[in-house]
Amino acid sequence: MTLSSILAVVGMRSEAALLPREMPVIVSGGDPARLRELLRAAPEGLAGVLSFGIAGGLDPTLTCGDLVVATRVRGAGGAYAADPRWSAALARHCGARLGMVAGSPAVVGEPARKRVLRAATGAIVVDLETEAAAAFAASRGLPFAALRAVADTAEEVLPRAAAVGLTRDGRPAAGKVALALLRQPQELPALLTVARRSRVALQALGGARDAVRQACAA
């Protein structure tokens, strides 16, 4: 596969900026329903689909910045297998842990909900884009892989303000976050923690750029 033939699926512009420039990218803005619409309009002639970005930890042994490569993806729409050869190459080149990824239609922010989701799916991380990306790949008969970095861990709470933190094109929605904080100012310390941990996760993803190149050429 060549990088220019692999469609990357991300939630945020900051994630897209970490990928090799040759890769075409779809940015969901953290909206799985909108992502499915965007994917339906994806061009023909693709050779693979890569889900890339941060994720929430479900396995309590994972820490902020740990990298995970999907073996399978499970969500409300079904279960999908990742391409074993591509996934093994990704994990090998970036030192990631292999495991199940859960798809969710909304942010899973409470530890109790994370535990329930882990028990129901066996997943070690959860995100908003991977299930839609895997379903799209399956519909086109394309190989699929996912590389995700843990931001919030299994026992950390995501404040509600974090769930409104993006615009439709995946940029920070400062106005929406400020409004949410006006309503619940006690969330500010947790939101600052989320921002710090997201930076750590993004740094881990940035360090995996060469691994993405190498795995796609394997």
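The values are calculated or read from the model by the stated rules, or taken from the named source; none is laboratory data. Keep in mind that what you see is a predicted model, and the values were worked out from it rather than measured. When we count neighbours, we look across all protein chains shown, and the Cβ atoms used for this are built from the backbone with ideal geometry, even at glycine. Accessible surface is based on the protein model in full, side chains and every heavy atom, while ligands, DNA and RNA are left aside. Shrake-Rupley method; radii C 1.70, N 1.55, O 1.52, S 1.80 Å.
Key figures for this structure:
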quantity: Longest site-free stretch - the chain; sites: GluC sites (Glu not before Pro), DSSP loop, at most 16 other Cβ within 10 Å; calculated: 45-154
quantity: ARG199-ALA106 FRET efficiency (beta carbon distance; Förster radius 25 Å; 0.05 resolution); calculated: 0.60
quantity: Separation of the ALA33 and LEU192 label points, Cα + 7 Å toward Cβ, nm; calculated: 3.5
quantity: Solvent-accessible heavy-atom area per residue, rounded to whole Å², over the chain at 1.4 Å; calculated: 45
quantity: Computed lengthening from ASP169 to ARG140, 0.36 nm per intervening residue step minus Cα-Cα distance; calculated: 8.0 nm
quantity: Extension gain (nm, one decimal) between THR2 and ASP210, 0.36 nm per residue minus Cα-Cα; calculated: 73.5 nm
quantity: Carbon and sulfur %, accessible surface of the chain computed with the full protein complex present, 1.4 Å; calculated: 56
quantity: Gained length - THR61 relative to ALA120, 0.36 nm times residue gap less alpha-carbon distance; calculated: 19.5 nm
quantity: Region 19-58: trypsin sites (Lys or Arg not before Pro) falling in loop per DSSP and having at most 15 other Cβ within 10 Å; calculated: ARG21
quantity: Paramagnetic reach from GLU22 (point 7 Å along Cα→Cβ, amide N under 19 Å) across region 58-86; calculated: 86
quantity: Residue-count net charge about ALA89 - beta-carbon cut-off 15 Å; Lys, Arg +1, Asp, Glu -1; calculated: +3
